[in-house]
Amino acid sequence: MHTATVTKLPTHGDAALASQNRSSACEPDVTCRSCNLRELCLPSGLSDADLQRIEKIVYVRRRIKRGETLFNAGEPFNSVYAVRVGFFKTSIIDKDGREQVMGFFMGGELLGMDGVGSGRYNGTAIALEDSEVCVMPFSLIEDLASHVRGLQRNLHSVLAREIVRDHGVMMLLGSMCAEERLAAFLLNLSQRFTARGYSPSEFVLRMTREEIGSYLGLKLETVSRVFSKFQDAGLVAVQQKHIRITDIPGLREIIGATR
C-alpha cells in the first residue's frame, strides 16, 4: 500500500513553516548529506563525489501550506518532489465530480513519479498539513542517473514500488472486507512511521475518515463503524484523529485470518 503526524513529527517544532507565504520557495538550508531522511530518499553506498552531484539536483525547496496544491492532475510533468516535512494526498476527480484518493505520502517519499510514463501528472497533490518538499527536475535526475549507477537503480526501485503500490491497492479493493482494508491501512502506516524512527503504535491521522474511505473504497459510515469495532475489541484506542494501536498482532491476525 501506498499514506499523519506522529507525536515526534518534525512539523510540531517547525513554527517558521506556518508563517511562510503561500507555496513559497526557498534556498536549501539542509544538504542531502545532512538530511535525516537521506536513507529513505537516496541509495546507500554513494561516494562523497556522487552525493555532491546529487545535491545539485535539489536546487530549491518549496513550502506548501495545509490545503494548498503542489501540482494538479493533467499538468505537464517536469519535476519529482521529495517530501521533507509534512504529509500529502494525491487524488483525481471522477466523471461524477467526486474525489477519489489515490495515495498518501509522508516524509522521505517521492511525489509525482506517476507522471514519468505519460508526461503529465496523473493526480492532484494536496498538502494535508504545512509541508516542505525538495524540487528535483526530472531531466536533471535522468541525466545524472546515467552517470551514477546507484541513483539509476534507486530510480528503477521507486518506479517498481509505484507499480507494487498500485497493485496492492487493487488487491485491497478487490479481495478484502472492510475490516481487513482498515487493518492493512493502519499496519502500513505503522511500518512507514517505524522506518522514520517514530512510534509504530501511536500517531495522529492528518487525513479525514472520508479520505480514508475514498482511498480504501469504503463509505464514511463504514470507516467509522470499523474504527469503533476495533476500539471495542481492544485493537486500537481512538481519540478524534489520535490513534494508538494497542494490539498490532491482533490487526495482523485480521488480515491473515482468511488468507
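The values are calculated or read from the model by the stated rules, or taken from the named source; none is laboratory data. Keep in mind that what you see is a predicted model, and the values were worked out from it rather than measured. Because the Cβ atoms are built from the backbone with ideal geometry, glycine has one as well, and the counts that use them run over all protein chains shown. For the accessible areas, the whole protein counts, side chains as well, though only heavy atoms, and no ligand, DNA or RNA atoms are used. Shrake-Rupley method; radii C 1.70, N 1.55, O 1.52, S 1.80 Å.
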Net charge contributed by nearby residues that have their C-beta within less than 13 Å of Gln240 (K/R +1, D/E -1): +4
field: Over 25 Å between alpha carbons, listed pairs Lys65/Lys219; Lys89/Lys241; Lys95/Lys229; Lys65/Lys95
entry: Lys65/Lys219; Lys95/Lys229; Lys65/Lys95
query: What distance in nm separates the simple spin-label points at Ser199 and Asn72, each placed 7 Å from Cα in the Cβ direction?
result: 4.0
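Give, rounded to the nearest 20 debye, the magnitude of the charge dipole that segment 185-259 has about its Cα centre when Lys and Arg contribute +1 at Cβ and Asp and Glu contribute -1 at Cβ. Intermediate values should be presented prior to the final figure.
Numbers: 11 positive and 7 negative charges, 33 e Å.
Dipole size: approximately 160 debye.
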- prompt: When the accessible area of segment 49-143 is computed with all protein chains present and a 1.4 Å probe, what percentage of it is carbon and sulfur?
  reply: 47
- request: Hey, for a label at Gln239 modelled as a point 7 Å past Cα toward Cβ, could you say which residues of segment 186-230 have their backbone N under 16 Å away?
  value: 201-205
statement: Leu189 neighbourhood, Cβ < 12 Å, K/R = +1, D/E = -1, net charge +2
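Would you mind working out the accessible area per residue for segment 61-135, using a 1.4 Å probe, and quoting it in Å²? Each step should come with its number before you reach the end.
Numbers: 2750 Å² over 75 residues.
Ligands and nucleic acids excluded, the result is 37 Å² per residue.
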message: Once neighbouring chains are kept in place and the probe is 1.4 Å, which whole percent of the accessible area of segment 168-242 is contributed by carbon and sulfur?
response: 54
Asp232-Thr246 pseudo-label distance in nm [points 7 Å out on the Cα-to-Cβ vector]: 1.5
- request: First select every other residue whose beta carbon is under 13 angstrom from the beta carbon of Arg98; then total the charges, Lys and Arg +1, Asp and Glu -1.
  value: -3
